[in-house]
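The values are calculated or read from the model by the stated rules, or taken from the named source; none is laboratory data. It should be emphasised that the depicted structure is a prediction, and the values quoted were computed from it without experimental measurement. Cβ sites come from the backbone with ideal geometry, for glycine too, and all protein chains shown count toward neighbours. Remember, those area values only see protein heavy atoms, side chains included, never the ligands or the DNA or RNA. Shrake-Rupley method; radii C 1.70, N 1.55, O 1.52, S 1.80 Å.
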Amino acid sequence: MSSSFENHQKRRLVSSYISVVISIALVLFLLGLLGMLVLNAKKVSDHFKEQVVVTIYLKDTAKKVERKQLEKSLALADYVKSTTYVSKESAAAFMKTENGEDFMDFVGYNPLQNSIDVHLKADFVTSEHLEKISIEALNKKFVDEVTYDNDLVNLMNDNVKKISFWVLVISGLFTLIAVLLINSSLRLAVYSKRFTIKTMQMVGATKRFIRRPFVWKSVRLGVIGAAMALIGMAIVLYYINKTFPELELLTNPILMVFLFLLIFILGIVITWISTHFATQRFLNLRTDELYY
């Protein structure tokens, strides 16, 4: 009978430890994903900003040497990421492919213009910079027109500011929730051993001596949970980087290593602090209060 009861208690204890590890792993995993989002938020926003195209249309009278000089000056500019020359023939071929028919069969000639597509660096994708670049290009006699989507640029910059603010707010709230969830799981685990804690205290064991095994056990559970969370984060990071290589998430491995190390340390610190205060609470209770 006693052996059966002990086995039942061991199973309950193991089940409690498993639930604690899973809780720690899930919370740290979600916190790690949020951390990856925060660290790469600027990189992602920069990627989309750099997709904005400034198109410089050239007059038909523009000479090849003038076009080459313009391309060279743009390539040397500190605000330009890349330039692409699009001839009127290439533009016509592209439209034919997109529309499935040759519009020149109807008009009898190619009305399109030679152009240069300019991709700017993310920090320069603002209405002010775009207007300045447009004016500089239009000052050249062989440039006919400069076009870009100003409304899209304004909308993008406004949304980036809003998203950055809310990501920081959510990160703070989620960190607090993570601490509270892990703390609750560990308190429940310690609660199941409250009578053992009080018995050890009654036979003369010091508080530090009683706390030590509980703290070390929780730290080990925290290490296991953190390791599981890091494995999950690594899988997700690998998948995202493979699916969206243009985001270049692994171009700065030091930041990723820092995040992984931070999540690992956080798992240890939260479990240590939570268990310390949980055991301290039961150590300070009177015997009759253990039943409530």
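Quick notes on this one:
- Sub-8 Å Cβ pairs linking a first residue in the range 24-43 that is at pLDDT below 80 to a second residue that is surrounded by 17 or more Cβ atoms within 10 Å (Cβ to Cβ), at least 6 apart or interchain, are LEU39/MET256; LEU39/LEU259; ASN40/LEU249; LYS43/LEU249, ordered by first then second residue.
- The lone exception for PHE209 - which of (1) in contact (Cβ under 8 Å) with a residue 40 or more places away in the chain; (2) among the aromatic types (Phe, Trp, Tyr); (3) surrounded by fewer than 18 Cβ atoms within 10 Å (Cβ to Cβ) it fails: (1)
- Scan of the range 29-80 for residues that are over 30 Å from GLY222 (Cβ atoms), part of a helix (DSSP H, G or I), among the small types (Gly, Ala, Ser) and within 32 Å of the chain's Cα centre (by Cα), ordered by number: SER45, ALA75
- Answer from LEU176, LEU138, LEU130, LEU152 - the residue that is of a type in the set (A, V, I, L, M) and more than 26 Å from SER45 (Cβ to Cβ): LEU138
Residues are listed down the side, and each one gets a yes or a no for (1) more than 29 Å from GLY35 (Cα to Cα); (2) assigned to a helix (DSSP H, G or I):
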{"residue": "VAL118", "(1), (2)": "yes, no"}
{"residue": "ILE133", "(1), (2)": "yes, yes"}
{"residue": "ASN154", "(1), (2)": "no, yes"}
{"residue": "VAL179", "(1), (2)": "no, yes"}
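- Filtered residues of the range 219-250 (kept if open to solvent by 80 Å² or more (accessible area, probe 1.4 Å) and either at positive phi or in contact (Cβ under 8 Å) with a residue 24 or more places away in the chain (or both)): ILE224, MET228, GLU246, GLU248
- Here ALA137 qualifies as part of a helix (DSSP H, G or I), over 30 Å from LEU31 (Cβ atoms) and either of a type outside the set (Gly, Ala, Ser) or more than 32 Å from the chain's Cα centre (by Cα) (or both).
- Within the range 36-87, being more than 17 Å from ALA137 (Cα to Cα) and open to solvent by 70 Å² or more (accessible area, probe 1.4 Å) holds for LEU37, LYS42, PHE48, GLN51.
- If you check VAL143, VAL118, VAL179, VAL153 for being modelled with pLDDT under 80 and crowded, with 16+ Cβ neighbours inside 10 Å, only one passes: VAL179.
- Pairs, first free of Cβ contacts under 8 Å to residues at least 40 places away in the same chain in the range 145-156, second not in a helix (DSSP H, G or I), C-beta under 6 Å, six or more apart: none
- Members of the range 255-283 that are farther than 20 Å from VAL20 by Cα and surrounded by 15 or more Cβ atoms within 10 Å (Cβ to Cβ): LEU255, MET256, LEU259, PHE260, LEU283
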